[in-house]
Amino acid sequence: MTLTKGDIVSIAGPSGVGKSTLLRSIIGQSSKPNSVKFNDINYSSMDKEWLKEFAYVPQESFIYVGTVRDNILLGRELDEALMQRSISDSKLFDLSDISRDLSLDSYLSPVGSSLSGGQLQRLALARALYSDASILLLDEFTSALDEETENLIIATIKDLSSNLAVVGVSHRPAFSSISNKSIGFKKGMPEWK
């Protein structure tokens with residue numbers, strides 16, 4: 001598989017076939033690191049510096065104890081312009097369901113969190129966008145969003161793809177509709193289309 005800026009790759013297939021495993025393997029979260037190769041080089045023998053090129057939004061988002069800002073930064077230095085762009089592109093504060101109660105200074109805790117699944121997904125997307133990586137990996141990143149919000153996020157992903165490559169898993173048609181490449185599964189093996 002070759003990725004270039006502007007590519008949007010949709011990974012499709014039935015549940016349990018290995019779509020999420022494929023994404024995790026790309027960033028080295030494979031149970032068999034010697035089976036993952038990039039340019040015919042085993043992942044386990046590569047310099048891990050290249051991982052900075054990837055931003056990953058997992059199926060199940062997580063939060064740390066701290067503010068919304070802390071959860072986006074994850075210890076990285078604050079770049080205010082990048083923060084504002086990440087918030088805007090993820091639609092984190094644009095939607096009425098959270099804008100009245102959530103700000104960058106809002107305190108979050110994994111225990112008893114008041115964030116919905118969709119809010120967590122938008123927070124995870126803001127976190128990934130803040131990394132300013134050149135390849136965005138998205139795993140069921142709109143599964144907890146309503147159709148209107150999903151369409152807004154999908155349109156933003158399409159706009160952003162001119163500056164990065166996007167690889168995403170989704171069972172919903174909105175993401176597939178903007179992809180220019182796809183990976184399907186045949187007999188449990190990924191197949192580039």
Considering only residues of the range 140-193 that are touching a Lys or Arg at 6+ places or on another chain (Cβ under 8 Å) and of a type in the set (D, E, K, R), which is nearest to G118 (Cα to Cα)? E150
Enumerate the pairs (first residue in the range 143-158 and at negative phi; second residue anywhere and of a type in the set (F, W, Y)) with beta-carbon separation below 9 Å, excluding pairs fewer than 6 apart on the same chain, so at least 6 apart or on different chains. E150/F175; I153/F141; I154/F175; I157/F141; I157/F175
Please state which one of I153, I135, I183 is under 28 Å from T67 (Cα atoms), touching a strand residue (DSSP E or B) at 6+ places or on another chain (Cβ under 6 Å) and at pLDDT below 95. I135
Keeping to the range 141-156, report how many residues are within 12 Å of L92 (Cβ to Cβ) and either of a type in the set (S, T, N, Q) or open to solvent by 20 Å² or more (accessible area, probe 1.4 Å) (or both). 3
Taking S143 as meeting all but one of (1) in a loop (DSSP other than H, G, I, E, B); (2) hydroxyl-bearing (S, T, Y); (3) under 17 Å from Q84 (Cβ atoms); (4) under 15 Å from the mean Cα position of the chain (by Cα), write down the number of the exception. (3)
Taking the range 49-69 and the residues there that are open to solvent by 80 Å² or more (accessible area, probe 1.4 Å) and assigned to a helix (DSSP H, G or I), the one that is modelled with the lowest pLDDT would be E49
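Only one of L102, L138, L125 is in a loop (DSSP other than H, G, I, E, B) and either open to solvent by less than 10 Å² (accessible area, probe 1.4 Å) or not small (G, A, S) (or both). Can you tell me which? Before you say what the answer is, go through the steps one by one.
Numbers: L138 fails: in a loop (DSSP other than H, G, I, E, B); L125 fails: in a loop (DSSP other than H, G, I, E, B).
Only one candidate passes the filter, namely L102.
The values are calculated or read from the model by the stated rules, or taken from the named source; none is laboratory data. Here the structure is a predicted model, which means the values were calculated and not measured. Methodologically, a virtual Cβ is constructed for each residue, glycine included, from the backbone with ideal geometry; neighbour enumeration extends over all protein chains shown. What goes into the accessible areas is simple: the full protein's heavy atoms, side chains included, and nothing from ligands, DNA or RNA. Shrake-Rupley method; radii C 1.70, N 1.55, O 1.52, S 1.80 Å.
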